[in-house]
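These notes concern the structure reproduced below.
Please treat every number below as a calculation from the coordinates, not as lab data. Keep in mind the model is a prediction, meaning the values are calculated, not measured. With ideal geometry, Cβ positions are generated from the backbone for all residues, glycine too; neighbour counts draw on all protein chains shown.
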Amino acid sequence: MCEKKVRTGGNKWLRTTCIAAFGIFCFTLGFACSALFRKAQEDVTVHSFGVFSSVTFNGVREAKNIPWNYTAGIFDMEQGQCILLTPNTSVDLEGNGAISSWCFQYRIHPWVAEGSDGAGLLIWILDEDENILYSNELSVKPEDQWQSCYIDMSLYETASKIRIFCNNGAAGNDDCDWIILREQRSEASAFDGNYARSATYFADEWPINFWNCEMDRLEEDLAQIKADGFDSIIIVIPWREFQPDISPVSYNAYAFDKLDELMRTADQVDLKVYARLGYTWDFYKDENANIIERYFSLLGDSDALAAWDAYIQKMYQSLSAYDCFAEAFLTWEDFWGAMGVCDIEDPDERTAKADYIKFGEWVSANYSLEDYNRNYQTDYTAYGQIPIPHRSEPALWAMYEFYDDFLIDILKRSQQYFPNLSMEVRMDWDLVTDKQGAPVYYQHTKTYDCADSNFSTTMYGIPMGFENSGERVSYDEALAKTKYILEKFKEETGGKAVYIDQFIFADNTPAFSNNAQIKEEELDDYLLNVAEILHSCSDGYGIWTYRNYRANMLYNPQFALEENGWSGKNIVFQETEGSMVCHIMPGGSLSQTIPNIRNHFSADKYYLEFDVVELTRPGTLKIQIGNTVLNTNVTDTGKLQLTFDSPANFDLHISSADTELSIDNLRLYCQIQQGYLYDEDLNELECIDAVRSLNNSLGAQ
């Protein structure tokens with residue numbers, strides 16, 4: 001019998017038995033429902049529930065300690081019409097015609113969650129002869145809010161019904177194990193009746209310095225994106241550049257001004273805007289700052305969490321003010337750098353880090369010491385002794401569990417300030433070495449439903465599912481893998497809408513050169529045949545590299561912010577033909593300090609290029625990058641490019657002895673990211689026509 005605190009309307013709690021607390025309440029609230037269920041007992045079947053025309057309960061008993069008087073049934077509750085199941089009861093759900101899928105939510109009833117030790121659901125899909133076609137078990141924790149489950153019956157041609165059993169879970173105690181189920185509630189979404197087709201927008205820079213570039217072709221760029229069949233753009237909004245300080249909190253006015261300019265223009269061009277919030281990388285005042293430490297502080301610093309809350313709330317206020325705003329999402333990628341703590345060799349340092357993030361407390365809530373030691377071949381005698389696991393240790397599995405819980409928590413926390421916020425979740429499997437030394441793979445499926453958002457977000461790339469040993473695959477092979485991976489993901493998201501914010505059909509990132517790729521001559525074939533798969537498995541997709549970009553290591557490279565980030569003498573920042581330039585006089589110099597952390601790619605050769613937009617006096621420029629010194633003769637306007645070997649550091653110094661000139665659009669880089677649609681100068685590339693065709697197909701469906 002449940003004898004815990006029972007909620008009666010949300011204003012006060014009474015400690016009593018359930019029957020005593022609800023005696024009179026049941027008579028009034030439950031009379032109609034009880035009468036309905038008495039008929040259900042006589043007829044066995046209640047006529048309908050949601051999409052189901054026939055609902056049959058099994059194992060039902062009268063129970064005076066339950067306010068609806070029965071251990072199972074369909075009742076109108078404050079949560080809406082719900083199915084109630086308690087241990088040793090089950091329900092059969094059938095429809096008149098074919099039901100291809102069903103999505104429902106489940107939880108322990110909040111009135112009695114405090115008194116429950118958890119319960120379980122066993123879900124079967126059966127054919128007419130009661131053969132089990134599909135089976136799945138769900139653990140229902142008392143502390144959980146609504147959880148989602150998606151059942152895809154279309155995968156089973158002979159499916160006849162769904163049967164859901166309730167049990168008392170691993171703990172074996174059925175007190176207060178009242179599980180309620182309701183159909184997934186659909187909310188208004190940017191994906192309702194529309195397949196989103198998005199291009200991530202960086203203007204003529206890249207995500208890390210986009211917000212301090214000029215965006216001087218903004219309207220033309222967005223018009224071209226729309227002409228290519230996209231109906232939306234994705235913008236990538238860094239945390240630090242928008243909120244430079246977290247204690248006390250401060251904001252960058254210029255970044256929000258740029259955001260307003262972009263949103264106003266998107267409104268004018270009639271493009272929707274999706275926003276990726278909390279992007280890790282930017283170059284704002286990064287000379288002596290490690291941005292990864294800021295993200296790690298979210299695991300243990302209340303000031304950092306409060307600043308994050310303020311950032312999320314301010315972003316919602318800024319974005320939602322515009323009609324063009326569609327949806328927003330976080331990404332696992334932007335929090336993943338903090339997992340680098342698992343690479344620390346010193347166990348004492350990892351123990352101190354564990355204390356900071358309360359890893360031991362998390363372990364105590366999820367493992368007994370005996371279980372932790374047995375599972376991970378350790379011998380700790382107290383939770384406070386447990387360090388953050390090293391990447392080589394079996395306990396890395398527990399760290400992935402911990403980090404998934406953190407991601408879910410930060411998303412739920414953010415959703416309080418940003419309604420319907422989603423998260424790009426990690427579909428990659430992570431390798432762990434178990435206690436026998438064998439490889440096992442951790443999957444992050446618990447994050448897939450994105451808490452209270454009505455859509456889940458993911459990145460998809462061709463390497464997923466392949467061996468990734470340098471293979472070049474046919475477009476048919478790639479299509480088969482795409483279909484399999486995305487179908488599985490859709491199934492595991494609880495039937496929510498799916499937005500693929502990064503659809504990476506080709507990738508020239510050097511670190512991933514061994515990954516599987518589609519044969520270059522078959523990229524068009526893949527793009528011209530993938531529409532049906534995308535449409536059936538997702539509700540929108542985004543291109544990351546719409547325009548090839550240089551991985552530019554310079555902050556404020558187009559002087560949009562005039563002298564910010566630069567130092568020098570005998571120089572003037574001025575506007576020329578609508579664009580800011582730096583005018584260098586004889587004896588003048590221009591410098592920028594460039595921390596090595598800005599070098600996101602490593603190469604033997606690096607490039608510095610800039611535009612000479614005005615040349616008052618020809619002469620010689622001295623270019624110094626780290627310890628490398630180059631002298632170049634400037635005799636005309638136009639683009640100037642210099643090549644140099646990889647230096648020890650990248651600090652840039654440009655000086656003039658005798659020349660006078662104006663320069664703009666400085667770029668220091670070693671990598672050009674290829675997207676196969678447009679090159680750096682907006683010349684069309686080989687896949688743009690195929691992507692236009694893809695967009696037309698998806699937009700017409």
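A few remarks follow.
- In the chain, a dipole from Cβ-located charges (positive for Lys and Arg, negative for Asp and Glu) runs towards its positive end, and of 600, 369, 441 it is 369 whose Cα lies farthest in that direction.
- Chain lengthening between residue 696 and residue 512 when straightened (0.36 nm per residue, less Cα-Cα): 63.2 nm
- The stretch between residue 130 and residue 94 holds 11.7 nm of extra length on full extension. This uses 0.36 nm per residue minus the Cα-Cα distance.
- Calculated from backbone phi, Karplus (6.51, -1.76, 1.60) coupling profile of region 71-78 in Hz, x at Gly/Pro: 7, 7, x, 10, 9, 7, 10, 5
- Charged-residue dipole, Cβ positions (Lys, Arg, Asp, Glu), region 465-612 about Cα centre, Debye nearest 20: 540 debye
- Given R0 = 25 Å, the distance between the Cβ atoms of residue 413 and residue 562 translates into a calculated FRET efficiency of 0.10.
- Think of the chain as a dipole: +1 on every Lys or Arg Cβ, -1 on every Asp or Glu Cβ, centred on the Cα centre; then among 508, 555, 518, 555 lies furthest on the positive end.
- Residues with amide H under 5 Å from that of residue 275, placed H, sequence gap 5 or more: 235, 327, 328, 329
- Region 382-530: C-alpha gyration tensor shape, a/c 1.5 cut-off, then a/b vs b/c: oblate
- Listing 254, 442, 499 from fewest to most neighbouring C-beta atoms within 10 Å gives 254, 442, 499.
- The chain: angle of helix 18-29 to the longest principal axis, Cα-based, in degrees nearest 10: 90 degrees
- The residues 132, 597, 388, 504, when put in order of fewest to most other Cβ atoms within 10 Å, stand as 132, 597, 504, 388.
- Nitroxide proxy distance, nm - points 7 Å out along Cα→Cβ at residue 377 and residue 429: 2.1 nm
- Trypsin sites (Lys or Arg not before Pro) within region 187-264, DSSP loop, no more than 14 other Cβ atoms inside 10 Å: 217
- Each part reduced to its alpha carbon centroid, region 255-330 and region 440-466 end up 22 Å apart.
- Here r is the Cβ-Cβ distance between residue 585 and residue 247 and R0 is 60 Å; the resulting FRET efficiency, rounded to 0.05, is 0.90.
- Simple spin-label estimate for residue 54 and residue 685 in nanometres, 7 Å along Cα-Cβ: 5.7 nm
- Residues in region 661-674 carry Karplus couplings, in order, of 7, 10, 10, 7, 6, 7, 9, 10, 7, 10, 10, 10, 7, 9 Hz; the curve used is 6.51 cos²θ - 1.76 cosθ + 1.60 with θ = phi - 60°, and Gly or Pro positions show x.
- Acute angle (nearest 10 degrees) that the helix 218-227 long axis makes with the longest principal axis of the chain, alpha-carbon atoms: 50 degrees
- Each of residue 267 and residue 649 was given a label point 7 Å from its Cα along the Cα-to-Cβ line. The distance between the two points is 4.6 nm.
- Calculated [θ] (222 nm, deg cm²/dmol) that DSSP helices of n ≥ 4 give over the chain, each run adding -39,500 (n - 2.57): -7500 deg cm²/dmol
- When the charge dipole of the chain is built from unit charges on Cβ atoms (+1 for Lys and Arg, -1 for Asp and Glu) and taken about the Cα centre, the candidate among 135, 671, 637 whose Cα reaches farthest toward its positive end is 135.
- Dipole magnitude for the chain: about 2040 debye, using +1 per Lys or Arg Cβ and -1 per Asp or Glu Cβ, origin at the Cα centre.
- Of interest is the spacing of the C-alpha centroids, which for region 371-393 and region 117-152 amounts to 32 Å.
- For region 236-252, putting each phi into the Karplus relation 6.51 cos²θ - 1.76 cosθ + 1.60 with θ = phi - 60° gives couplings of 10, 10, x, 6, 5, 5, 8, 10, x, 10, 10, 8, x, 6, 9, 10, 8 Hz, in residue order, rounded to whole numbers and with x for Gly and Pro.
- Computed magnitude of the charge dipole of region 567-670 (debye, nearest 20; Cβ of K, R +1, Cβ of D, E -1): 300 debye
- Segment residue 522-residue 322, length gained on full extension (0.36 nm per residue, minus Cα span): 68.0 nm
- FRET efficiency estimate (nearest 0.05) - Cβ-Cβ, residue 597 to residue 348, R0 45 angstrom: 0.95
- Folded to 0 to 90 degrees: helix 396-415 orientation relative to the chain principal axis, Cα: 90 degrees
- Per-residue Cβ neighbour rank within 10 angstrom, fewest leading, 484, 284: 484, 284
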